[in-house]
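Visitor: I am attaching a structure below and will ask some questions about it afterwards.
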Protein chains: 2
Amino acid sequence: MPDPSPVFDRLCIIGIGLIGSSLLRGARVHGLAKTLVAADLSPDVRRRVEELGIADITLADAGEAVKGADCVICCVPSGAFAAVGAAIGPHLEPGAVVTDTGSVKGAVIAQLAPHMPAGVHLVPAHPVAGTEHSGPDAGFAELFENRWCIFTPAADADPAAVAKLRAFWEGLGARIEVMTAEHHDLVLAITSHVPHLIAYNIVGTADDLEAVTQSEVIKFSAGGFRDFTRIAASDPTMWRDVFLNNKQAVLEVLGRFTEDLAYLQRAIRWGEGDKLFELFARTRAVRRSIIDIGQETAEPDFGRRHKPPTAP
Amino acid sequence: MPDPSPVFDRLCIIGIGLIGSSLLRGARVHGLAKTLVAADLSPDVRRRVEELGIADITLADAGEAVKGADCVICCVPSGAFAAVGAAIGPHLEPGAVVTDTGSVKGAVIAQLAPHMPAGVHLVPAHPVAGTEHSGPDAGFAELFENRWCIFTPAADADPAAVAKLRAFWEGLGARIEVMTAEHHDLVLAITSHVPHLIAYNIVGTADDLEAVTQSEVIKFSAGGFRDFTRIAASDPTMWRDVFLNNKQAVLEVLGRFTEDLAYLQRAIRWGEGDKLFELFARTRAVRRSIIDIGQETAEPDFGRRHKPPTAP
């Protein structure tokens with residue numbers, strides 16, 4: 001299938017981290033925009049974007065960057081949207097599509113919507129994709145291939161704006177799902193936010209134990225612990241903002257998690273092996289389903305390389 | 001470096017799952033034993049072992065299998081050692097090394113030791129290696145390369161027996177650490193047992209939520225959840241036995257985990273972003289250390305293949 005013709009004339013990406021730089025790379029590879037504008041407050045990030053050559057224009061000022069853009073994608077931490085909205089609001093082009101890639105939707109919309117002038121189309125979105133690495137060097141054009149991007153447009157959103165954004169994300173290889181912001185925030189609380197929280201937490205617990213040295217934790221991590229360190233190595237600012245901005249859903253799911261964990265704890269204390277076995281046998285099927293729909297590799301151990309690559 | 005000459009004349013492996021079959025394969029590849037004897041209670045497993053051709057002799061009866069063996073390695077779930085001990089005790093060869101691969105050491109020693117006749121050397125061991133797959137087909141000769149194997153010999157263990165077992169494991173590419181059984185059980189509680197418990201638990205919680213469909217959990221699992229499903233797909237019998245047999249250490253570490261999680265929960269509720277950020281920034285360093293000592297891949301996302309391999 002040939003790549004589609006450009007969906008946008010002038011695409012402006014604000015915040016050039018893992019996601020922002022992957023969007024720039026993907027948009028270029030697939031010819032999804034005629035001109036790529038990158039905006040970032042950090043001089044170091046701007047210099048790397050220029051060295052990498054992944055944008056046509058690189059600017060510090062987001063307000064300046066959105067001028068003339070028919071699509072603006074905000075790729076900043078969930079707590080930074082009010083500031084970005086205030087900076088870009090007065091300079092947005094009538095008819096422009098404004099969207100984002102935030103992991104939280106309710107709070108991001110609440111920050112961004114008040115700054116949208118009439119005639120500008122806000123279509124919030126969240127690509128469920130990423131790695132534990134951060135910054136403009138971590139991005140790659142294929143990041144969104146075969147991954148879901150969730151749109152949470154308001155009920156009265158402009159269908160043409162939603163369709164253009166859909167064409168853009170499908171051009172990157174993503175699949176689109178539409179739901180309310182409220183439901184999105186609950187779905188992501190269980191599939192992403194609480195998993196990150198408990199991964200950060202177990203790594204912290206291990207780091208703090210007095211009776212087991214840090215060297216022992218690290219040496220014997222192949223017993224399972226190292227799996228958790230991957231997502232616990234994710235960007236601290238982004239994740240702090242996720243928890244502060246999806247408080248209600250995270251606390252709700254966390255309550256369920258700790259209730260279930262107390263049940264297992266009690267089963268261990270009282271030697272109720274059948275309760276443990278029942279759960280452990282059931283959870284296998286969930287992984288099988290994830291592999292079957294192509295959202296996970298079937299290779300054992302994630303297909304991890306068993307030994308570090310030898311030096312060339 | 002050439003492979004060592006055979007360490008053992010007749011090596012008997014009891015229980016041919018992922019670990020047992022990896023030992024048979026590794027011992028053959030590296031020439032670590034002259035004769036390989038496999039024992040398993042399951043007719044299906046014995047048939048597969050014969051079809052795979054990974055043992056010289058395959059038997060149902062463990063007592064029969066250990067006759068004449070100078071090394072016996074028990075690779076059964078942690079709850080099965082009393083039965084195995086009773087079956088093999090009367091038939092063990094004087095001077096034989098008896099060892100195991102159990103994930104728990106205190107309880108396994110308690111089950112096995114009473115059945116050891118005088119002149120037989122019990123050297124408990126635990127290779128910190130594995131995948132989420134089970135059964136004789138899941139094994140591979142390289143499983144133990146660059147992985148740690150922890151020995152927990154009694155203070156009065158025969159040094160020559162320990163040295164022979166060390167030569168065997170080093171022949172498989174493993175690195176050896178020696179510690180007490182009690183300390184082993186605490187170290188593994190944090191690096192393996194509690195991580196498995198919380199992985200099983202989060203997958204169970206996700207499976208049970210009414211407000212989020214199972215299809216949604218599966219579709220959007222790339223946000224972090226799918227990482228947990230790997231170890232939650234591990235063998236249910238083995239893991240039930242781990243928790244029943246390492247109760248004290250697991251409950252102790254689990255208590256610390258839930259205490260730390262309550263602290264994060266409170267920080268989220270009260271919007272204390274600095275407490276979250278402090279932890280999230282600290283945990284990155286732990287992963288870096290694990291990568292630096294070669295116990296984890298440095299590739300983003302475990303080096304996962306982004307798309308399922310296309311059919312040939």
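Visitor: Please name which of B:ALA113, B:VAL45, A:PRO195 has its Cα lying farthest along the dipole of the protein assembly as shown towards the positive end, using unit charges on Cβ (Lys, Arg +1; Asp, Glu -1) and the Cα centre as origin.
Guide: Highest projection toward the positive end goes to B:VAL45.
Visitor: Find, among the residues of chain A, the one whose Cβ sits nearest the axis of the rotation taking A to B; state the distance in whole Å.
Guide: A:PHE302, 2
Visitor: To continue, here is another question. Grab the other residues whose beta carbon is less than 11 angstrom from that of B:GLU278, score K and R as +1, D and E as -1, and report the net.
Guide: Charge balance near B:GLU278 sits at +1.
Visitor: To continue, here is another question. Ignoring ligands, DNA and RNA, what percent of the 1.4 Å accessible area of chain A is carbon and sulfur?
Guide: 55 percent
Visitor: Sticking with this one: Taking each residue in B:263-273, count the Cβ atoms of any other chain within 10 Å of its Cβ, then average. What number comes out?
Guide: Mean shielding by partner chains, rounded to a whole number: 5.
Visitor: Could I ask something else about it? Across the residues of B:239-246, average count of Cβ atoms on other protein chains within 10 Å? Can you show the working numbers first?
Guide: Details: counts 5, 12, 3, 2, 9, 7, 1, 1.
That works out to 5 on average.
Visitor: If you don't mind, there's one more thing I want to ask. Would you list which lysines come within 17 Å of A:LYS247, measuring only between C-alpha atoms, while excluding same-chain residues fewer than 8 positions from it?
Guide: Straight-distance partners of A:LYS247: A:LYS105, B:LYS275.
Visitor: Taking springs between alpha-carbon atoms closer than 10 angstrom, which of B:ILE290, B:ILE198, B:ILE190 fluctuates most in the Gaussian network model of chain B?
Guide: It is B:ILE290.
Visitor: Which value, in Å², gives the accessible area per residue of chain A when a 1.4 Å probe is used on the protein heavy atoms?
Guide: Per residue, chain A has an accessible area of 37 Å².
Visitor: Region A:194-257 to region B:209-281: how many Å between their Cα centroids?
Guide: 8 Å
Visitor: Quick one: label points 7 angstrom along Cα→Cβ at B:ALA155, distances to the other copies in nm, smallest first?
Guide: 7.5
Visitor: Can you list the copy-to-copy distances for B:ALA118, using a point 7 angstrom from Cα toward Cβ, in nanometres, shortest first?
Guide: Copy-to-copy label distances for B:ALA118: 10.1 nm.
Visitor: Excluding same-chain residues fewer than 8 positions from A:LYS67, which aspartates and glutamates have a Cα within less than 16 Å of its Cα?
Guide: Partners found: A:ASP9, A:ASP40, A:ASP56, A:GLU93.
Visitor: Please calculate the 1.4 Å probe accessible area of A:GLU299, with all protein chains present, and give it to the nearest 10 Å².
Guide: 70 Å²
Visitor: Could you size up the charge dipole of the protein assembly as shown around its Cα centre, putting +1 on the beta carbon of Lys and Arg and -1 on that of Asp and Glu, and report it in debye to the nearest 20?
Guide: 400 debye
Visitor: Please give the net charge around A:ILE176, taking every other residue with its beta carbon less than 13 angstrom from that of A:ILE176, where Lys and Arg add +1 and Asp and Glu add -1.
Guide: On the way: positive: A:ARG147, A:LYS164, A:ARG166, A:ARG175, B:LYS219; negative: A:GLU170, A:GLU177.
Neighbour charge sum, excluding A:ILE176 itself: +3.
Visitor: Moving on to the next point. In the full protein assembly as shown, how much of B:TYR263 is accessible to a 1.4 Å probe, in Å² to the nearest 10?
Guide: Roll a 1.4 Å probe over it and B:TYR263 shows about 120 Å².
Visitor: Related question: Summarise the partner chain shielding of A:147-160 as one whole number: the mean count of Cβ atoms from other chains within 10 Å of each residue's Cβ.
Guide: On the way: counts 6, 6, 0, 4, 0, 0, 0, 0, 0, 0, 0, 0, 0, 0.
Average per residue, whole number: 1.
Visitor: State the Cα centre-to-centre distance between region B:41-62 and region A:54-114 in whole Å.
Guide: 64 Å
Visitor: Using modelled amide H (1.01 Å from N, peptide plane; none on Pro or chain starts), what sits under 5 Å from the amide H of A:CYS71, excluding residues fewer than 5 places away?
Guide: So A:CYS71 has HN proximity to A:ARG10, A:CYS12, A:VAL97.
Visitor: With both partners inside chain A, how many of the DSSP beta bridges are antiparallel, as a percent to the nearest 5?
Guide: Numbers: 3 of 26 bridges.
Antiparallel: roughly 10 percent of the beta bridges in chain A.
Visitor: Output the antiparallel fraction of DSSP beta bridges having both residues in region A:8-179, as a percent to the nearest 5. Each step should come with its number before you reach the end.
Guide: Values: 3 of 26 bridges.
Percentage antiparallel, nearest 5: 10.
Visitor: I would also like to ask the following. Could you pull the copy-to-copy label distances for A:ASP292, with points set 7 Å along Cα to Cβ, in nm to one decimal and sorted shortest first?
Guide: Shortest to longest, the spacings are 4.4 nm.
Visitor: Please list, or write none, the aspartates and glutamates whose alpha carbon is within less than 17 Å of the alpha carbon of B:LYS219, excluding same-chain residues fewer than 8 places away.
Guide: B:LYS219 reaches A:GLU145, A:GLU170, A:GLU177, A:ASP185, A:ASP292, A:GLU296, B:ASP207, B:ASP208, B:GLU210, B:ASP227.
Visitor: Would you work out if region A:42-118 is rounded, prolate or oblate? Take a ≥ b ≥ c from the square roots of the eigenvalues of the alpha-carbon gyration tensor; rounded if a/c is under 1.5, else prolate when a/b is larger than b/c, oblate otherwise. The partial results should precede the final answer.
Guide: On the way: a/c = 2.08, a/b = 1.39, b/c = 1.49.
Oblate is the answer for region A:42-118, as a/c is 1.5 or above yet b/c matches or exceeds a/b.
Visitor: Further question: For region B:8-179, just say rounded, prolate or oblate: build the C-alpha gyration tensor, square-root its eigenvalues into a ≥ b ≥ c, call rounded for a/c under 1.5, and beyond that prolate if a/b exceeds b/c, oblate if not.
Guide: rounded
Visitor: Need one word for region A:157-197: rounded, prolate or oblate. Basis is the Cα gyration tensor (sqrt eigenvalues a ≥ b ≥ c); a/c below 1.5 gives rounded, then a/b vs b/c decides.
Guide: Note, shape of region A:157-197 comes out oblate.
Visitor: Given a 10 angstrom Cα cut-off, can you work out which residue in B:THR213, B:THR131, B:THR99 is the most mobile in a GNM of chain B?
Guide: Highest fluctuation among the options: B:THR213.
Visitor: Another question, then. Anyone know which of B:ASP158, B:ASP61, B:ASP207 comes out most mobile in the 10 Å Cα GNM of chain B?
Guide: For chain B, modelled as a Gaussian network with Cα springs under 10 Å, the answer is B:ASP207.
Visitor: Continuing with the same structure: Whenever you get a sec, line up B:LYS247, A:LYS105 from highest to lowest accessible area (probe 1.4 Å, protein heavy atoms).
Guide: Descending accessible area places them as B:LYS247, A:LYS105.
Visitor: Let me ask you something else. Given the protein assembly as shown, what percent of its DSSP beta bridges are antiparallel, to the nearest 5?
Guide: 10 percent
Visitor: Before we go on, tell me the buried accessible area for the B/A pair, both chains summed, 1.4 Å probe, in Å² to the nearest 100.
Guide: 10900 Å²
Visitor: Just add up the charged neighbours of A:ALA60: K/R +1, D/E -1, any other residue whose Cβ is under 10 Å from the Cβ of A:ALA60.
Guide: -2
The values are calculated or read from the model by the stated rules, or taken from the named source; none is laboratory data. A quick note: this is a predicted structure, and the numbers were derived from the prediction, not measured. Reconstructed Cβ throughout: ideal geometry from the backbone, glycine too, with neighbour counts over all protein chains shown. Please note that ligands, DNA and RNA were not included when accessible areas were found on the heavy atoms of the full protein model with its side chains. Shrake-Rupley method; radii C 1.70, N 1.55, O 1.52, S 1.80 Å.
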